[in-house]
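J.: Following this message is one structure expressed as structure tokens.
The values are calculated or read from the model by the stated rules, or taken from the named source; none is laboratory data. The structure presented is a predicted model; accordingly, all values stated were derived computationally and were not measured. Every residue, glycine among them, receives a Cβ derived from its backbone with ideal geometry; neighbour counts consider all protein chains shown. In case anyone asks, the SASA skips ligands and DNA or RNA and just uses the protein heavy atoms, side chains included. Shrake-Rupley method; radii C 1.70, N 1.55, O 1.52, S 1.80 Å.
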Amino acid sequence: MKSFLLLIVTSFLFAQADAQVLKTDANLLKLKAPETFKAEFVTSKGNFTVEVYRSWSPLGADRFYQLIRSGYYNNTVIFRVVKDFLVQFGVSEDKQKNIFWQGKNLKDEPVVGSNTDSTICFSRGAPNTRKTSIFINLRNNLTYDTLNAGGVKGFVPFAKVITGMDVVRQFFSGYGNDAMKPADTIYFKGNKWFINKFPQIDIIKEARVIKD
């Protein structure tokens, strides 16, 4: 009986440990994503689930997995919502997490998937600048497959929203691109300042990997 109880307690402790957010340190960068995995996003409008495909973007899938496992997207504001175009987020309210990821840019990859409705990409400007900010396509943005922006051809999808796209479409779009301009201020002032300025902004409350 004691052995049985010990097994239950041990299993519970392991489950708790696995559920904990991983510490943000150099070991985090060694995490490799499964070939496919799902992640659930709990938001102020409801939940949505994404499925990640490493074959589309190995570096992008690994980084997304690392960010979720570190809790990076927990309590992040959705700072850009352009109706019938895209949704964007990816600046943590945790200054230490932002400092850790600063400068840890990803190398560019070829576009394998296509920027169809509900697919997800890392944003970028110049070459090799993908880092933490991601966007969800709200329509078929097929020009993004080949668009030359900042000297790089195309935006690279790595995942797709598979349930809850109706939730994503409900995010408040009244600020358009206006809230994107001061988004980097979150890095220094946190969410409180940003929400005071944009009180109707939606929030990612939690992002977590789902184990099938």
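J.: State all residues of segment 172-187 that are within 16 Å of Val82 (Cβ to Cβ) and hydrophobic (A, V, I, L, M, F, W, C); if no residue qualifies, say none.
T.: Passing the criteria: Phe172, Ala179, Met180, Ala183.
J.: Moving on. Could you list, in sequence order, the residues of segment 22-76 that are polar (S, T, N, Q), part of a loop (DSSP other than H, G, I, E, B) and out of contact with any helix residue (DSSP H, G or I) (no Cβ under 7 Å at 6 or more places or on another chain)?
T.: Those that are polar (S, T, N, Q), part of a loop (DSSP other than H, G, I, E, B) and out of contact with any helix residue (DSSP H, G or I) (no Cβ under 7 Å at 6 or more places or on another chain): Ser44, Ser55, Ser57, Asn74.
Here's the yes/no breakdown for (1) over 16 Å from the mean Cα position of the chain (by Cα); (2) open to solvent by 90 Å² or more (accessible area, probe 1.4 Å); (3) modelled with pLDDT under 95:
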position: Ser3; (1), (2), (3): yes, yes, yes
position: Leu6; (1), (2), (3): yes, yes, yes
position: Ala17; (1), (2), (3): yes, no, yes
position: Val21; (1), (2), (3): no, no, yes
position: Asn27; (1), (2), (3): yes, yes, yes
position: Thr36; (1), (2), (3): no, no, no
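J.: Sticking with this one: In the set Arg169, Arg139, Arg69, which member is basic (Lys, Arg), under 23 Å from Pro199 (Cβ atoms) and surrounded by fewer than 21 Cβ atoms within 10 Å (Cβ to Cβ)?
T.: Arg169
Here is a yes/no grid of residues against (1) open to solvent by less than 50 Å² (accessible area, probe 1.4 Å); (2) among the charged types (D, E, K, R):
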site: Tyr175; (1), (2): yes, no
site: Met180; (1), (2): no, no
site: Asp184; (1), (2): no, yes
site: Phe188; (1), (2): no, no
site: Asn191; (1), (2): yes, no
site: Lys205; (1), (2): no, yes
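J.: Can you pull out the residues in segment 167-204 that are in a helix (DSSP H, G or I) and among the small types (Gly, Ala, Ser)?
T.: Gly190
J.: I'd like to verify a number: residues in segment 119-132 that are at positive phi and open to solvent by less than 10 Å² (accessible area, probe 1.4 Å), how many?
T.: 0
J.: So, in segment 123-166, how many residues would count as being under 24 Å from Thr49 (Cα atoms) and within 16 Å of the chain's Cα centre (by Cα)?
T.: 22
J.: Here's a follow-up. Can you report the number of residues in segment 149-166 which are among the aromatic types (Phe, Trp, Tyr) and either touching a residue at least 60 places away in the same chain (Cβ under 8 Å) or part of a strand (DSSP E or B) (or both)?
T.: Residues meeting the conditions: 1.
J.: Something else now. May I ask you to list the residues in segment 142-166 that are open to solvent by 20 Å² or more (accessible area, probe 1.4 Å), touching a Pro at 6+ places or on another chain (Cβ under 9 Å) and modelled with pLDDT of 95 or more?
T.: Correct list: Tyr144, Asp145.
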